[in-house]
Every structure is written in structure tokens, then in C-alpha cells.
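Student: Here you go, one structure.
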Amino acid sequence: MPLVSIVIVCMNRPDNLRPCLDSIKQHTTAEHEIYVVAYRFSPDNLSAVMSEYPHVKFIVNNSISGFSENNNLALRQVSGEWCFILNDDTELPGPTIDRLLQDFCRLPEDAAIVAPKLLNADGTLQLCGRPDYPAHRYVLQQWHLYTEPIDNGSGLFRTFNISGAAFLIKTSVFKELGWFDERYFFTPEDIALSTLARSRGYSVWCDSEAEVIHKWRTTASRIAPAVRPASIRGSLIFFSDGSTLRYFLLGIGVWAAEMVKRIKALVSGRKSEYITFKHNTRSIFTRQTPKQIFVRYFNEL
């Protein structure tokens, strides 16, 4: 039985996956298994990585699926006592997984999740813990009037939320919480998971001495016109917490912010940005799910 099950979702990016897998092999001594959800891989790329990494368990998925759905395909098969969720565009610069496992020996019984510090590719700080993020601040952020702060604590400290790019969680707790919530196609599935865990009496932690390099700036996707509106819809569903009135009030604020960006992009002649903002405004007051929104705009690309 492996001690930890590592789950990675990769969307036909072997150039991301190879250094990620190599860093795990180089720096991890704890008994582990690795699941890679090969999402919409080309036959040649799939054949290559499967032959290069025979110890990895590959799950092939060619249907349109979001972050939560893809991860859950693997999570329902894991056998480790802990699960380590890791983005494919990451690298471990040291024994990050081993350290996070050791952290649980020092944490209280109610501890369910511990996350590492995330660094940009150039070594600068990206994220180290995430404090409380109430709904009104989400709206202010869309107007560029608020920037989500970073806890940036020292050592092992308690935090509110984690990033889906990398975190360690007790498998039994993850299963109890129902894995990732598949209502959210891209975001905010990580904040939703943290919030649900805390509501069930569990605590969330961050270790600033455990590091993961997250190269998200270098992996921007051409599918932003489909990703962004689905993410906004998912965020509004989460922050409204089932209240129609709350959704409407939040939606008005976000719609106005996106409409201003849409007009600016039109005036400036930034066609690609204009298309994205147009999709954003059209996806706020709709009955479509985040996944349905993504599929709609993805098919137009």
C-alpha cells in the first residue's frame, strides 16, 4: 500500500509533464503511486509518455472535462493514506512531499490539508497560504480594486484556503467531502474544498518551508475565451451560496466590471480580449452550468 497517491491532470502537455514527473522521482522517498489523467492527449504524445514512465498509472480521458472531473477520475481509484494533488506545470525543488507528510505528525488531529509555498519560475513568491476571501472582495477584485492577499506566514501555520496547484490531504477526509465539487469546471474548486473542510470542523495549514515551483505564467492557454466565462459563472455560484438574490447582487457588480473591460477592448481594437469579455458578460445571468458554458465557447474556437 503506498503512503501517498499523487494525482496529476495533464492536457496534452508532455513538455510540462516530464519535468514534473522527473522532479517527483528525484526528490520523493516516501512510498507513493502516481496517477496521471491524460486529458485529450494526441496518440503520439500518449504513447511516448507511457513508454517513458512505466511506473505511472495513466487514465485516458478524451471527453471535455474540467479540473474537478479529471482529478476525480483518479481520486476514486487511489489507495494511499494521503493524496497529493499537483498541477502538471509544477516542479518539486526538494523533498516537498516528504516534508508535508512529516508535517502531519506535528499537526493537531483536526488537520486535513497542508499546502506548500508556491513559487514562480523565477523564484519569486506566488502564494503562501490564502486568507479568508469573502464574496464582496471577489467583486472588488473584478474591478481591480482588491488583490487577494497572501498569508505569507513562517514555518507551519494555519490558513483559510489552499491552491489547487499543490496540496496534501488525508484521503479519508477527501472521500468524506465527496472529492472535488464537479459543479465548478475550473474555479473555485480549491476554495470550495477548503471552505467545506473547515465547515466540517477540519483545519487547513500551510508550510512555508515546503516549496513547489508553479510555472503557470508560461502555460497560458488559447482557450481563455472559454475558460474565463466558465470560471466567472462557477465563482458566482460558489459565492452566492444558493441564494438567488445574493447571486443577482454579486452578478450585477461583476457584469458591470466585465462590460467596462469589454468596451475598453473594443475601443482599443483588442479583438481577442473583446471576445473573452463578451463571453464573460453573456455567461453571468444564465441557467447554463460552467461546463455547458465552456463547451459552448470551446466549440467556437
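The values are calculated or read from the model by the stated rules, or taken from the named source; none is laboratory data. These numbers were taken from a predicted model, which means no experiment stands behind them. Using ideal geometry, Cβ is built from the backbone for each residue, glycine included, and neighbour counts are taken over all protein chains shown.
Student: Looking at Glu33, Glu91, can you tell me which residue is touching a Cys at 6+ places or on another chain (Cβ under 9 Å), of a type outside the set (A, V, I, L, M), buried (at least 17 other Cβ atoms within 10 Å of the Cβ) and more than 23 Å from Val295 (Cα to Cα)? Even if it seems obvious, please write down each step before you answer.
Tutor: On the way: Glu33 fails: touching a Cys at 6+ places or on another chain (Cβ under 9 Å).
Matching residue, one of Glu33, Glu91: Glu91.
Student: What single numbered condition from (1) outside any helix (DSSP H, G or I); (2) closer than 24 Å to Ala74 by Cα fails to hold for Ala197?
Tutor: (1)
Student: Given the conditions (1) within 20 Å of the chain's Cα centre (by Cα); (2) over 19 Å from Glu91 (Cβ atoms); (3) of a type in the set (Phe, Trp, Tyr), report the number of the one that Phe167 does not fulfil.
Tutor: Result: Phe167 fails condition (2) only.
Student: Of the numbered conditions (1) out of contact with any Ser or Thr (no Cβ under 8 Å at 6 or more places or on another chain); (2) part of a helix (DSSP H, G or I); (3) surrounded by fewer than 22 Cβ atoms within 10 Å (Cβ to Cβ); (4) of a type outside the set (Val, Ile, Thr), Trp255 fails exactly one; give the number of that condition.
Tutor: (1)
Student: Is there a residue in the stretch 58-75 that is surrounded by 15 or more Cβ atoms within 10 Å (Cβ to Cβ), acidic (Asp, Glu) and assigned to a strand (DSSP E or B)?
Tutor: Keep residues of the stretch 58-75 that are surrounded by 15 or more Cβ atoms within 10 Å (Cβ to Cβ), which gives 58-59, 61, 64-75.
So of that shortlist, the ones also acidic (Asp, Glu) come out as 69.
Subset that is assigned to a strand (DSSP E or B): none.
No, the stretch 58-75 contains no residue that is surrounded by 15 or more Cβ atoms within 10 Å (Cβ to Cβ), acidic (Asp, Glu) and assigned to a strand (DSSP E or B).
Student: Across the stretch 1-27, which residue is modelled with the lowest pLDDT among those that are surrounded by fewer than 20 Cβ atoms within 10 Å (Cβ to Cβ) and among the polar types (S, T, N, Q)?
Tutor: Selected residue: Asn12.
Student: Would you point out the residue of the stretch 208-242, among those that are touching a Gly at 6+ places or on another chain (Cβ under 7 Å) and under 29 Å from Asp15 (Cα atoms), that is surrounded by the fewest Cβ atoms within 10 Å (Cβ to Cβ)? Give the steps one after another, and end with the answer.
Tutor: Quick first cut of the stretch 208-242, residues touching a Gly at 6+ places or on another chain (Cβ under 7 Å) only: 208-209, 211, 236.
Cutting the leftovers down to under 29 Å from Asp15 (Cα atoms) gives us 208-209, 211.
Details: Ser208: 17, Glu209: 14, Glu211: 21.
Going through the qualifying residues, I end up with Glu209.
Student: Please specify each residue of the stretch 207-249 satisfying the condition of being within 30 Å of Phe157 (Cβ to Cβ), in a helix (DSSP H, G or I) and modelled with pLDDT under 95.
Tutor: Result: Trp216, Arg217, Thr218.
Student: Tell me, yes or no, whether the stretch 152-169 has at least one residue that is over 19 Å from Leu193 (Cα atoms), outside any loop (DSSP other than H, G, I, E, B) and touching a Phe, Trp or Tyr at 6+ places or on another chain (Cβ under 7 Å). Before you say what the answer is, go through the steps one by one.
Tutor: From the stretch 152-169, those over 19 Å from Leu193 (Cα atoms) are 152-156; that's our starting set.
Keeping just the survivors that are outside any loop (DSSP other than H, G, I, E, B) gives 156.
With touching a Phe, Trp or Tyr at 6+ places or on another chain (Cβ under 7 Å) added as a condition, the list becomes 156.
For the stretch 152-169, residues over 19 Å from Leu193 (Cα atoms), outside any loop (DSSP other than H, G, I, E, B) and touching a Phe, Trp or Tyr at 6+ places or on another chain (Cβ under 7 Å): present.
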